[in-house]
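Novice: Mind having a look at this structure? Questions to follow.
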Amino acid sequence: MSRARPINCIIPPYILDKLLDSEDSEVRRAALDTLLVTARLRGERAVRASFAGAAAPGDGRRTVFDCEQAETLSSAVLARPEDGPEVADPSVNRAFDALGLTRDFYKEVFQRNSVDDRGMRLDGYVHFGFQVNNAFWDGRQMLFGDGDGKEFSNLTGSLEVIAHELTHGVTDNTSEFEYHNQSGALNESMSDVFGSLVKQWSLKQTAEEADWLIGADVWTPGIGGDALRSMKDPGHAFDNPQFGKDHQPDRMSKFIHLPDAKRGDFGGVHYNSGIPNKAFFLTAQHIGGFAWEAAGTIWYESLKASSAQDQFQDFAGTTFQKAGELFGAGSAEQSAVLSAWQEVEVPVKGVPTGVARVRRFAANGNGATGRGDGQAALARQIGALNDKISELAKDLAALKGAK
């Protein structure tokens with residue numbers, strides 16, 4: 001049974017909970033207001049979800065509105081339409097530009113027509129509420145808080161944060177990963193992956209050049225070198241007296257079990273997303289070059305092929321299968337995918353754990369005589385494993401359909 005989706009927001013609840021303990025009364029008040037706003041938006045989204053129909057298509061046209069620190073969208077004033085000029089308010093221009101970059105990334109890289117692939121309008125609302133420490137995707141549009149100026153700066157200041165939130169819309173219209181436990185962590189991870197890729201694409205950075213950080217530009221403006229999350233090094237995005245140490249795990253043996261409730265981050269979706277995040281980072285590093293080209297395509301095609309209740313191992317198997325379909329069984333790209341998931345301790349069903357290590361050894365040229373024969377044999381072995389995985393996927397789909 002499908003579950004109602006909560007409001008998607010970039011700031012995890014445990015960060016806001018920490019702010020409630022701040023010695024600064026203004027920071028405490030901003031955190032409380034943010035939590036109250038989030039709860040209200042969650043209720044509004046649940047009501048909208050009960051009605052049929054989708055947002056009207058508009059060729060991905062952008063429109064930015066100014067809430068003027070109110071929390072009602074109906075009173076917001078038009079600030080910049082798609083064909084409008086740059087305005088004096090930098091928040092408006094940053095939101096407008098980031099919406100456009102995200103839209104253009106999906107169109108140029110994946111031939112996707114806006115977040116729903118049907119030309120959905122991209123509406124953004126800046127200056128939402130007073131010192132709200134969050135950015136939201138409510139299933140229909142983007143809302144940006146100004147931040148409290150101490151722990152958070154204006155939330156329009158981070159391209160990957162905006163692309164992260166819009167990618168929740170892409171997930172809503174593809175896999176529909178349910179927002180709890182492992183499927184919820186996959187949901188969050190997809191937004192981090194493509195949020196980071198939008199930034200890398202806009203800067204034309206290779207996987208080696210990218211910082212792989214999420215939210216560094218808007219979180220703790222007075223502290224340098226930290227971020228909400230690090231895809232390269234989950235668990236090491238931050239470590240300071242105010243928030244403590246980043247507890248994101250980077251492998252299954254460190255998986256964090258939390259209650260499947262709002263106070264438990266719906267089973268730790270913002271925590272455990274570090275595991276698939278690290279798998280994507282490793283895949284991109286093993287392949288090299290621009291991460292959106294090979295690794296990003298594998299992940300995007302896998303997102304479209306996934307189901308709402310898929311777990312980490314399901315998605316790992318899908319990425320392995322898609323890598324084989326896109327680049328060939330036994331290819332360097334498929335071996336990179338397999339090796340990455342094995343490094344974060346998520347096995348691909350039917351594939352022995354030693355296969356990826358042997359394949360990478362051969363690909364790196366460390367073999368002596370007979371290297372070509374060894375590579376051919378490994379390609380045949382991985383091809384056979386691909387066939388087995390395809391059969392398992394068909395059997396699983398049949399079982400799900402019979403329920």
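Novice: For residues that are at positive phi and of a type in the set (D, E, K, R), tally how many sit in region 168-218. Walk me through how you get there before you give the answer.
Specialist: Kept after step one, since they are at positive phi, are these residues of region 168-218: 176, 181, 204, 212, 215.
Pick out the ones that are also of a type in the set (D, E, K, R) and you get 176, 204.
Going through region 168-218 one residue at a time, the tally reaches 2.
Novice: Next question. Would you check if there is a residue in region 58-73 being at pLDDT 95 or above, surrounded by 14 or more Cβ atoms within 10 Å (Cβ to Cβ), in contact with a Pro (Cβ under 7 Å, 6 or more places away or on another chain) and assigned by TED's automatic domain parsing to the domain that holds V198?
Specialist: Yes, region 58-73 contains a residue that is at pLDDT 95 or above, surrounded by 14 or more Cβ atoms within 10 Å (Cβ to Cβ), in contact with a Pro (Cβ under 7 Å, 6 or more places away or on another chain) and assigned by TED's automatic domain parsing to the domain that holds V198.
Novice: I'm trying to understand the selection: among the residues of region 103-144, which are assigned to a strand (DSSP E or B), among the aromatic types (F, W, Y) and within 19 Å of the chain's Cα centre (by Cα)? Quick ask: steps written out before the conclusion?
Specialist: Going through region 103-144, the residues assigned to a strand (DSSP E or B) turn out to be 120, 122-126, 135-137, 142-144.
Remaining after also requiring among the aromatic types (F, W, Y): 125, 136-137, 144.
Matches in region 103-144: F136, W137, F144.
Novice: Under 6 Å between Cβ atoms, at least 6 apart or on separate chains: pull out the pairs that start in region 175-193 with a residue that is over 13 Å from P276 (Cα atoms) and end on any residue that is in a helix (DSSP H, G or I) and of a type in the set (S, T, Y).
Specialist: F177/T171; F177/S183
Novice: Can you find a residue in region 134-153 that is farther than 25 Å from W212 by Cα, at pLDDT 95 or above, of a type outside the set (S, T, Y) and surrounded by fewer than 19 Cβ atoms within 10 Å (Cβ to Cβ)?
Specialist: No, there is no match, as no residue in region 134-153 is farther than 25 Å from W212 by Cα, at pLDDT 95 or above, of a type outside the set (S, T, Y) and surrounded by fewer than 19 Cβ atoms within 10 Å (Cβ to Cβ).
Novice: Filter region 55-102 down to the residues that are hydroxyl-bearing (S, T, Y) and under 25 Å from the mean Cα position of the chain (by Cα), then identify the one that is nearest to H127 (Cα to Cα).
Specialist: Looking only at region 55-102, we keep the residues that are hydroxyl-bearing (S, T, Y), and these are 63, 72, 74-75, 91, 102.
Filter again for under 25 Å from the mean Cα position of the chain (by Cα), leaving 63, 91, 102.
Details: T63: 14, S91: 8, T102: 20 Å.
This residue is S91.
Novice: With the checklist (1) surrounded by fewer than 24 Cβ atoms within 10 Å (Cβ to Cβ); (2) modelled with pLDDT under 95 in hand, flag the one item N173 doesn't pass.
Specialist: (2)
Novice: Oh, and also: Consider E160 against the criteria (1) within 22 Å of W299 (Cβ to Cβ); (2) assigned to a loop (DSSP other than H, G, I, E, B); (3) not β-branched (V, I, T): it satisfies all of them except one. Which criterion is unmet?
Specialist: E160 satisfies all of (1) within 22 Å of W299 (Cβ to Cβ); (2) assigned to a loop (DSSP other than H, G, I, E, B); (3) not β-branched (V, I, T) except (2).
Condition check ((1) within 25 Å of A185 (Cβ to Cβ); (2) at pLDDT 95 or above) across all residues:
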{"residue": "G330", "(1), (2)": "no, yes"}
{"residue": "A340", "(1), (2)": "yes, yes"}
{"residue": "G367", "(1), (2)": "no, no"}
{"residue": "A379", "(1), (2)": "no, no"}
{"residue": "K403", "(1), (2)": "yes, no"}
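Novice: Sticking with this one: Count, please, the residues in region 258-283 that happen to be over 15 Å from the mean Cα position of the chain (by Cα) and either of a type in the set (A, V, I, L, M, F, W, C) or over 15 Å from E333 (Cβ atoms) (or both). If you could, list the steps in order and put the result at the bottom.
Specialist: Filtering region 258-283 down to residues over 15 Å from the mean Cα position of the chain (by Cα) leaves 258-267, 282-283.
Next cut, either of a type in the set (A, V, I, L, M, F, W, C) or over 15 Å from E333 (Cβ atoms) (or both) only: 258-267, 282.
Residues that pass the stated criteria total 11.
The values are calculated or read from the model by the stated rules, or taken from the named source; none is laboratory data. Note that the structure is a prediction, hence the values are computed from the model and not measured. Every residue, glycine as well, gets a Cβ built from its backbone with ideal geometry; the counts of neighbours run over all protein chains shown.
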